[in-house]
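One structure is given below, encoded as structure tokens.
The values are calculated or read from the model by the stated rules, or taken from the named source; none is laboratory data. If you're wondering where the values come from, they're calculated on a predicted model, not measured in any experiment. Positions of Cβ are backbone-derived with ideal geometry, glycine not excepted, and every protein chain shown enters the neighbour counts. Calculation scope for accessible area: heavy atoms of the full protein, side chains included, ligands and nucleic acids excluded. Shrake-Rupley method; radii C 1.70, N 1.55, O 1.52, S 1.80 Å.
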Amino acid sequence: MTTVDTVRSKHNNGLDFFPCFYNQTQVWKGSLDCISFEQNAIKDKLLALDKSCYIVKVAEKIGVTNDGYLSPADNNAAQVELLLSVPPLRIQQLGDPNFLAFHGVKYAYITGAMAGGIASEEMVIALGKEKILSSFGAGGLSPDRLESAINRIQQALPHGPYAFNLIHSPSEPAIERRAVDLYLKYEVRTVEASAFLDLTANIVYYRAAGLSLNAANQIEIKNKVIAKISRREVATKFLQPAPARILKELVEQGLISELQATLATKVPMADDITVEADSGGHTDNRPLVCLLPSIISLRDEIQAQYHYAKPIRVGAAGGIGTPQSALAALMMGAAYVMTGSINQSCIEAGSSEHTKKLLAQAEMADMMMAPAADMFEMGVKLQVLKRGTMFPMRAQKLFELYRSYDSIEEIPLAEREKLEKQVFRKTIAEVWEGSAAYLSQRNPEKLGKAVNNPKLKMAVIFRWYLGLSSRWSLAGEKGREADYQIWCGPAMGSFNDWVRGSYLSEPNNRRVVDVADQIMTGAAYLYRMQSLKIQGLQISDHYSQFQPFCAK
């Protein structure tokens, strides 16, 4: 019988073996020259994920090799004692293989949309060329700007993969509809639906318009939907078929056929559900370890009810910024992981250089919640960077004034003067004039209401600052650095901690493809390490950590 004392290594290379299960039915055979006993050499062999890894003991020393082979044990005493082994591990094995096949990608990894084109054409194209799915940040862009992005991305990626964001716009439904019209016109086959509180006719129209029957009389889903949610009640709506009421309206309007309406009652509204935990921008600040299992369980309940031919996949977002967080999500059952905040500090992001530098310095505690421009009156907040900018404090002050007074005129004169000098840097009259000119082109109906509603007029004036602050951050507006609105979650801080001291610590070295490769490679490596630990190998920190490395 083998005991702990007889197996434990006396060699100081950071490896010990405490067998909870010790299998002597096989032996390792090969050349002793291929066994490594020195720390750096051992690390290299552990990192060789495409090869088997054998942990062996030779003369009281534990070593590692990728060479040789396993053979049934015989009665002869072996010079090399096999302690344990793990098979090769491809990064493609992480996550749900159906996700890879469905979207035509190589990793169970997506970069999520960041509004205003932060998730830029360059980002989508760079990742798409490497067969990694990325969603263009269409939120807040004009139809002309969106149309230009569609043309450019489709020209560069004629066969994909790519996705476009469809953000719910409760205050501007016409903008949401215009985006759907463009997606249908140009046959954009994958959208990432985000910020939806309920299903709208627009998202149902996009989904149903892509349904048909193939030659085998099976339902073909051409328009794919990846729904980003953070609440069970919203997830339920995307996990179920489209509401009959909305389908009927679309048929009556001549937008979809009777057949498409019928087919829409047999498929879910989404192919993938992204569970969004504590993240940048719009967020409910939910912990992923609580939210993800809940939504997976909900998915299973609804699948048992509807018996979809292709079960819906559930992925994870929010807080994904390191190999450890990616692996944790995948081990909890996520079909894929989605990153967000960390990508906007990369070269391809549409954010300004000043913003990227601030993001690269951020720590996990450097974020706070601030009022959202698009849902200001509703009191909805989003998560932003507070380090290096006064935006969150100034935005919160605007909401407090809005909540306390019924009109601009009711605000004390001293407070109004502060707004004009410190926040707006314009007179309130000038801000209103600019806001009115904007609304006259984009939302005349809302302008008409604001003229006759002092409370709404005050909200429009305050939203001028909230709306422009994110654009200043994107454009790198000189002199407005203190007012930059930078959407960001804690993942940015954890990413910066992870890459500190590596080539990725510098913003100028951060490329979205590199980041994706390093996170997924690191997740696979850490999985291998955990597999070895479970079998009884005691591993020092030198092996347990994965640091980004430049490709040779």
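Checking each residue in region 121-157 for being touching an Asp or Glu at 6+ places or on another chain (Cβ under 6 Å) and either crowded, with 23+ Cβ neighbours inside 10 Å or among the aliphatic types (A, V, I, L, M) (or both) picks out Met123, Ala126, Ser135, Ala149, Ile153. Put simply, of Leu255, Leu197 the only residue that is at pLDDT below 95, open to solvent by 30 Å² or more (accessible area, probe 1.4 Å) and either under 27 Å from Phe136 (Cβ atoms) or under 25 Å from the mean Cα position of the chain (by Cα) (or both) is Leu197. Taking first residues from region 181-195 that are at negative phi and partners that are charged (D, E, K, R) and part of a loop (DSSP other than H, G, I, E, B), the Cβ contacts under 9 Å between residues at least 6 apart in sequence or on separate chains come to Tyr183/Arg189; Arg189/Lys222; Thr190/Asp271.
Selection of region 81-120 for residues being open to solvent by 10 Å² or more (accessible area, probe 1.4 Å) and among the hydroxyl-bearing types (Ser, Thr, Tyr) yields Ser85, Tyr107. All conditions in (1) surrounded by 24 or more Cβ atoms within 10 Å (Cβ to Cβ); (2) out of contact with any helix residue (DSSP H, G or I) (no Cβ under 8 Å at 6 or more places or on another chain) hold for Gly280, with the sole exception of (2).
Of the helices (runs of 4 or more DSSP H) lying entirely inside region 489-552, those carrying at least 2 residues that are modelled with pLDDT of 95 or more and either surrounded by 14 or more Cβ atoms within 10 Å (Cβ to Cβ) or among the hydroxyl-bearing types (Ser, Thr, Tyr) (or both) are 491-499, 512-534. Right, Glu400: surrounded by 13 or more Cβ atoms within 10 Å (Cβ to Cβ) and of a type in the set (D, E, K, R) or not? So Glu400 does not fit the description; no. Number of residues in region 419-437 that are surrounded by 15 or more Cβ atoms within 10 Å (Cβ to Cβ), free of Cβ contacts under 8 Å to residues at least 24 places away in the same chain and either not in a helix (DSSP H, G or I) or not hydrophobic (A, V, I, L, M, F, W, C) (or both) equals 2. Every test in (1) farther than 27 Å from Val289 by Cα; (2) more than 21 Å from the chain's Cα centre (by Cα) is passed by Asn223 save one, and that test is (2). Among the conditions (1) open to solvent by less than 30 Å² (accessible area, probe 1.4 Å); (2) touching a strand residue (DSSP E or B) at 6+ places or on another chain (Cβ under 7 Å); (3) not in a strand (DSSP E or B), Gly160 misses just one, which is (2).
Considering each residue of region 450-458 in turn, none proves to be closer than 30 Å to Leu358 by Cα, hydrophobic (A, V, I, L, M, F, W, C) and at pLDDT 95 or above.
Can you spot a residue in region 475-482 that is assigned to a helix (DSSP H, G or I) and open to solvent by less than 10 Å² (accessible area, probe 1.4 Å)?
no
Here's a check for you: in region 376-387, which residue that is in a loop (DSSP other than H, G, I, E, B) and either modelled with pLDDT of 95 or more or in contact with a strand residue (DSSP E or B) (Cβ under 9 Å, 6 or more places away or on another chain) (or both) is surrounded by the fewest Cβ atoms within 10 Å (Cβ to Cβ)? Filtering region 376-387 for residues that are in a loop (DSSP other than H, G, I, E, B) and either modelled with pLDDT of 95 or more or in contact with a strand residue (DSSP E or B) (Cβ under 9 Å, 6 or more places away or on another chain) (or both), the one surrounded by the fewest Cβ atoms within 10 Å (Cβ to Cβ) comes out as Gly379.
The set of residues in region 202-249 that are of a type outside the set (Gly, Ala, Ser), over 30 Å from Gly281 (Cβ atoms) and outside any loop (DSSP other than H, G, I, E, B) comprises Leu211, Leu213, Ile219, Glu220, Arg245, Leu247, Lys248, Glu249. Spot the failing condition for Ser341; the list is (1) in contact with a helix residue (DSSP H, G or I) (Cβ under 8 Å, 6 or more places away or on another chain); (2) over 26 Å from Lys381 (Cβ atoms), and only one is missed. So the condition that Ser341 fails would be (2). Of all residues in region 269-293, those that are small (Gly, Ala, Ser) have Cβ atoms under 6 Å from Cβ atoms of residues that are assigned to a helix (DSSP H, G or I) and surrounded by 20 or more Cβ atoms within 10 Å (Cβ to Cβ), 6 or more apart or on another chain, in Ala270/Phe238; Ala277/Leu288; Ala277/Leu291; Gly280/Ser341.
For region 38-65, the tally of residues that are hydrophobic (A, V, I, L, M, F, W, C) and open to solvent by 50 Å² or more (accessible area, probe 1.4 Å) stands at 2. Residue pairs whose Cβ atoms lie under 6 Å apart, separated by 6 or more positions or on different chains, with the first residue in region 238-265 and of a type in the set (S, T, N, Q) and the second in a helix (DSSP H, G or I), are Gln260/Ala208.
Consider region 79-107 and keep the residues that are within 25 Å of Gly350 (Cβ to Cβ) and in contact (Cβ under 8 Å) with a residue 60 or more places away in the chain. The one that is farthest from the chain's Cα centre (by Cα) is His103.
The set of residues in region 49-64 that are over 18 Å from Lys533 (Cβ atoms) and within 36 Å of the chain's Cα centre (by Cα) comprises Asp50, Lys51. Taken over region 253-279, the criterion of being in contact with a Pro (Cβ under 9 Å, 6 or more places away or on another chain) and either under 18 Å from Ala329 (Cα atoms) or of a type in the set (Val, Ile, Thr) (or both) is satisfied by Thr265, Val267, Ala277, Asp278, Ser279.
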